[in-house]
1. Would you mind giving the three semi-axes, in whole Å and largest first, of the ellipsoid equivalent to region 1-44 according to its Cα gyration tensor?
2. Can you figure out the FRET efficiency of residue 25 with residue 47, using R₀ = 22 Å and their beta-carbon distance, to the nearest 0.05?
3. So which residue, out of 48, 63, 78, gets the largest mean-square fluctuation from a GNM of the chain using Cα contacts under 10 Å as springs?
4. Scan around residue 108 for amide H atoms under 5 Å from its own, H built in the peptide plane at 1.01 Å from N, and keep only partners 5 or more places away or cross-chain.
5. Between residue 66 and residue 110, what is the label-point separation in nm under the 7 Å Cα-to-beta-carbon projection?
6. Hey, which lysines would be in cross-link range of residue 75, C-alpha to C-alpha under 28 Å, not counting anything within fewer than 8 residues on its own chain?
7. Measure off, as a whole percent, the carbon and sulfur share of the 1.4 Å-probe accessible area of region 51-115, all protein chains present.
8. With springs only between Cα atoms under 10 Å, which of 28, 69, 51 fluctuates most in a Gaussian network model of the chain?
Amino acid sequence: QVQLVESGGGLVQPGESLRLSCAASGSIFNIGAMAWYRQAPGKQRDLVASITRYGRTNYAGSVKGRFAISRDNAKRTVYLQMNVLKPDDSAVYYCNLESGGRAYWGQGTQVTVSS
């Protein structure tokens, strides 16, 4: 019915960059806010960045200035550009969107930052 497919994760060295994508498909309309969350082992799932339908963004303090969230409403896709990656950024990253009072989640994509 509704599916969010994430891509772009992988293994990189500290200081390198990755770009995550999450595309929504299926019977979903009037998508509101979109966001990226991440969850490291033994930790809660935390908000990384969010973006409203109109492009207003907010970021976790730990990623501000390094990450950039964006969206393409026509493609129903949200992106997360991650620069100057640090080992503490290692986590499973999940995209999220709200529509019709419901929240939808992607399957998660692994990001590992290690030398």
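The values are calculated or read from the model by the stated rules, or taken from the named source; none is laboratory data. All values reported here derive from a predicted model rather than from experimental measurement. All Cβ positions, even for glycine, are placed from backbone atoms using ideal geometry, and neighbour counts span all protein chains on display. Keep in mind that these areas ignore ligands, DNA and RNA; they rest on the heavy atoms of the full protein, side chains included. Shrake-Rupley method; radii C 1.70, N 1.55, O 1.52, S 1.80 Å.
1. Semi-axes from the Cα gyration tensor: 26, 14, 10 Å.
2. Result of the calculation: an efficiency of 0.40.
3. Among 48, 63, 78, the largest mean-square fluctuation in the Gaussian network model of the chain belongs to 63.
4. Residues meeting the amide H criterion: 6, 95.
5. A separation of 2.0 nm, rounded to one decimal place.
6. Within reach: 64.
7. 47 percent
8. Highest fluctuation among the options: 28.
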